[in-house]
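No lab work stands behind these numbers, since they all come straight from the coordinates. Everything numeric here is computed off the predicted structure, so don't read it as measured data. Note that we place each Cβ from the backbone using ideal geometry, even for glycine, and neighbour counts take in every protein chain shown.
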Amino acid sequence: IACWMYTGERQASKLRIKYLEAVLKQDVGFFDTDARTGDIVFTVSTDTLLVQDAISEK
């Protein structure tokens, strides 16, 4: 079970990095819209936790 926990943590970490890269590649105008920092952080945290939990529980 430790192997699955490690795998889940690793995948969540990779997902966070990819998400950050995608956000940083956005035009400046993207941040002038409704994309608030708190919403972005909440979405990343929630989504990566769901992925991590799904992999770890297998």
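Taking region 1-46 as the range and being small (Gly, Ala, Ser) and either in contact (Cβ under 8 Å) with a residue 40 or more places away in the chain or in a helix (DSSP H, G or I) (or both) as the test, the residues that pass are Ala2, Gly8, Ala12, Ser13, Ala22, Gly29, Gly38, Ser45.
Of everything in region 20-58 that is of a type in the set (Phe, Trp, Tyr) and more than 16 Å from the chain's Cα centre (by Cα), the residue that is surrounded by the fewest Cβ atoms within 10 Å (Cβ to Cβ) is Phe30.
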